[in-house]
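Take a look at the structure set out below.
Every number here is computed from the coordinates shown, using simple stated rules; none is lab data. All values derive from a computational prediction rather than experimental measurement. When we count neighbours, we look across all protein chains shown, and the Cβ atoms used for this are built from the backbone with ideal geometry, even at glycine.
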Amino acid sequence: MISSMIVAGLAGTRLVRAWMHEDIGEKPRDALELWASSIDTATNDDGDLIVTTPAWKLGTRDFVYDLITCPHCIGFWFTFAATLGLRFRVTRPIVTALAASMILSAFADHYPRFNHRPL
């Protein structure tokens, strides 16, 4: 039980790091941010721009934007998904590999001779 929580927590932390700070999460995060910040407008007879997006859509987009840009919010959902992933035989190795990669990346970031520059 405790070991499953630790593995799920490490896997969730690895996913948050990939989503927020690494190139692998940049494309989907940018696409969701663009969708969340888009507002439908139209021009009335006087030439003024008016917002045509319903208020419920604006509220949903604000919620999604807050969710994908807050590391604590997205971390909760990633860790929740990792916890569910440990329950199924098919996804258990993936969650375990994510936890192991989190441990590896923590050591690699603190290794004194580790080169952060791309090849």
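Local charge for residue 53 was computed over the other residues whose Cβ lies under 9 Å away, with Lys and Arg +1 and Asp and Glu -1, and equals +1. Taking the chain as a Gaussian network of alpha-carbon nodes connected by springs under 10 Å, the highest mean-square fluctuation of the residues 18, 99, 55 belongs to 55.
For the chain, the membrane-span-like helices by this rule, meaning whole DSSP H stretches whose C-alpha atoms cover at least 27 Å of axis and whose Kyte-Doolittle mean is 0.5 or above, are 2-21, 92-110; this says nothing about an actual membrane.
Below 15 angstrom from the Cβ of residue 79, what's the summed charge of the other residues (Lys, Arg +1; Asp, Glu -1)? Don't skip to the end; give the middle numbers.
Working: positive: 14, 17, 87; negative: none.
It works out to a net charge of +3.
Between the beta carbons of residue 22 and residue 57, assuming R0 = 30 Å, the FRET efficiency works out to 0.50 to the nearest 0.05. The relative contact order of the chain, computed from alpha carbon pairs under 8 Å that lie at least 6 residues apart in sequence, is 40 percent.
Projecting the Cα atoms of 56, 71, 3 onto the charge dipole of the stretch 2-110 (Cβ charges, centred on the Cα centre) puts 3 farthest toward the positive pole. Take the Cβ atoms of residue 69 and residue 6, set R0 to 22 Å, and the FRET efficiency comes out at 0.25. Summing +1 for each Lys or Arg and -1 for each Asp or Glu, what net charge is found among the other residues whose Cβ lies under 15 Å from the Cβ of residue 26? Charge balance near residue 26 sits at -1. Approximating the spin labels as points 7 Å out from Cα along Cα→Cβ, the residue 100-to-residue 84 distance works out to 2.5 nm. Please label the shape of the stretch 2-110 as rounded, prolate or oblate, based on the square roots a ≥ b ≥ c of the eigenvalues of the alpha-carbon gyration tensor (a/c under 1.5 means rounded; beyond that, a/b larger than b/c means prolate, else oblate). In terms of gyration-tensor shape, prolate. Note on 91, 43: ascending count of other Cβ atoms within 10 Å places them as 43, 91, the fewest first.
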